[in-house]
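Working notes, beginning with the structure itself.
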Amino acid sequence: MTEDFATLSTPLLADACVRDGVPLRAAPPGIRAAGPGQRLAGRVRPARHYGSVDVFLEAFGTASDGEVLVVDNGGRPDEACVGDLAALEAQAAGLAGLVVWGLHRDTPELVEIGLPVFSYGAFPVGPLRLDEREPEALRTARFGPHLVSDADVVFADDDGVLFVAADRVDGVLATAHRIRRTEREQAARIRAGETLRAQTRFDDFLARRAADPAYTFRRHLRRVDGAIEE
């Protein structure tokens, strides 16, 4: 998955999900990597945070190489739930990185460690609470409106984070590669002087839409093998 994702992006995967009819599950806007240029792809290892690092340590004990710890901290803005020690321990356990519905701290140390960590920002204060643990603590994690588990794969880059069911990943990746090839060809042709309007026969689209108001640009793009909208 990491190799397949190396030349792709989360926007391409999102477009592939739409084209393949795969539920589109993106993390709420605003999530970013703690360090520049970080990206991730791996099976989800879920963990719900209740104020103590013990749930992470337990998750690491059953994790497989290349998995990504997906931390449900309810999107809280009042505490950072992961820092350098959690990242180092994740790295020692063979995980590919962390994706946090919440905040992180120890940013310089995280950058130095180099393990990709995606969160909603940095905050100096750690947890000051200890809540009751749920039975699902290590089985599922909430991430915005989505519920994820080890039946999902997570992808992350500069544009955000996307969750895809593991049994649909191969198809989504294949479709994303096809979309990428089409878009790169379109970009090269624009640079060579052939406008996108010419490539997509936009005048033809306008004429068809005038005759049939239900004729959409997305339908037109599929007819002419374009890829700008999906």
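We did not get these values from a lab; they are worked out from the coordinates using the rules stated. What you see is a predicted model; the values in this text were computed from it and never measured. We place every Cβ from the backbone using ideal geometry, glycine too, and count neighbours over all the protein chains shown.
In this structure, A207 and T7 have a Cβ-Cβ separation that, at R0 = 45 Å, corresponds to a calculated FRET efficiency of about 0.75. A helix-only calculation puts the chain at -10500 deg cm²/dmol for mean residue ellipticity at 222 nm, using -39500 (n - 2.57) for each DSSP H run of at least four residues, averaged over all residues.
Of the GluC sites (Glu not before Pro) found in segment 103-138, those that fall in a DSSP loop while having at most 14 other beta-carbon atoms within 10 Å are E132, E136.
Please say if segment 56-133 is rounded, prolate or oblate, where rounded means a/c under 1.5 for a ≥ b ≥ c the square roots of the C-alpha gyration tensor eigenvalues, and otherwise the choice is prolate for a/b larger than b/c and oblate otherwise? Oblate, because a/c is 1.5 or more while a/b does not exceed b/c. Extending 7 Å from the Cα toward the beta-carbon at both E58 and D170 defines two label points whose distance is 3.4 nm.
Here the translational diffusion coefficient of the chain follows from Stokes-Einstein with Rh set to the Kirkwood radius across Cα pairs; for 4 °C and 1.567 mPa s it amounts to 68 µm²/s. If you bin all the Cα-Cα distances of segment 107-230 at 5 Å, starting from zero, the percentages per bin are 2, 7, 11, 12, 12, 13, 11, 10, 8, 6, 5, 3, 1.
Using C-alpha pairs below 8 Å separated by at least 6 residues, the relative contact order for segment 2-171 is 33 percent. The spacing between segment 21-60 and segment 66-142, judged by their C-alpha centroids, is 7 Å. In this structure the amide hydrogen of R45, modeled in the peptide plane, comes within under 5 Å of the amide hydrogens of V68, L69, V70, none closer than 5 places in sequence on its chain.
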